[in-house]
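Written out below as structure tokens is the structure these notes cover.
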Amino acid sequence: MLNRSGVAGVTLSAVASDGRTRDRVAQLLLERGSATAAELGGELGLSPAAIRKHLDAMLADHVVETREVRNTGPRGRGRPAKAFALTTAARENLNPHFYDGIATAALRWIEQHHGSEAVTAFASAQLAALEERCRAALLEAGDDPIARAEALAQALTAEGYAANASVIASGGQLCQHSCPVAHVAAEFPQLCDAETEVISRLIGTHVQRLATIAHGDGVCTTHIPAPARTATNAATTVRTD
């Protein structure tokens, strides 16, 4: 709540301004690789004290790290100059699809030189280790497909897929709210097809993929049909009177 002097509003505005400035610092470091505090301050029009405040906060948050600047000239008095660079984690957060681009380029090369069948084989091979880990997690799930889907959801969540399973009128469905290869699978659906085959093998029944994040849906949804019921012949009583 604002007080009469508007102090709370000023504080929120200052926090937002700090965030924007640090975003600009991070972007500069992403583009340049590294820079000294003086270079960053000069580029952003900030005083030495102001840029130091932002860099100290980013150091504390493990967004940046320091490196010594090699000085090929005569050694001056005072401490050696330090340059600032983004940490590996921060660099990946700022450019999250960098590795997606490399993976997509690699799959394009495979498809161009060896055909789409090679992409399918690659996708299956990449999921082999995941399938084995999930299979181990399903050892005590029994044979019921819905129970296995629930166990598989827990195993996939541990792998970063944020999955859950639920029972619906026609059986069950497995939902994955995160996909680590969504941007690549948008061009190469073989990745989704291979994943669907893994789910089918692990659950022990045919499944149907209804939606995928790679194709613009909000969640990857796989339908699991209800187990077929064994038909029984009911005894019929015939009245003769």
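The values are calculated or read from the model by the stated rules, or taken from the named source; none is laboratory data. Everything numeric in this text was worked out from a predicted model, so none of it was measured. Surface accessibility is based on the protein's heavy atoms, side chains included, excluding ligands, DNA and RNA. Shrake-Rupley method; radii C 1.70, N 1.55, O 1.52, S 1.80 Å.
Considering the convex hull of the alpha carbon atoms of the range 77-179, report its projected area averaged over all viewing directions, in nm², one decimal. Could you put the intermediate results ahead of the total?
On the way: hull surface 48.4 nm².
Its average projected convex-hull area is 12.1 nm².
Determine the shape class of the range 145-214: with a ≥ b ≥ c the square roots of the Cα gyration tensor eigenvalues, call it rounded for a/c under 1.5, and otherwise prolate if a/b is greater than b/c, oblate otherwise.
prolate
In Å, what Rg and Dmax follow from the Cα atoms of the range 111-241?
Taking only Cα atoms of the range 111-241, I get Rg and Dmax of 18.7, 82 Å.
Could you tell me the accessible area of R52 in Å² (1.4 Å probe, neighbours in place), rounded to the nearest ten?
Counting only protein heavy atoms, R52 exposes about 120 Å² to solvent.
What figure, in Å² to the nearest 10, do you get for the accessible area of H206 with a 1.4 Å probe and non-protein molecules left out?
Accessible area, nearest 10 Å²: 130 Å².
Under 5 Å between amide hydrogens, which residues at least 5 positions from G171 or on another chain qualify, with H placed 1.01 Å from N in the peptide plane?
Excluding prolines and chain starts, which carry no amide H, the hits are A226.
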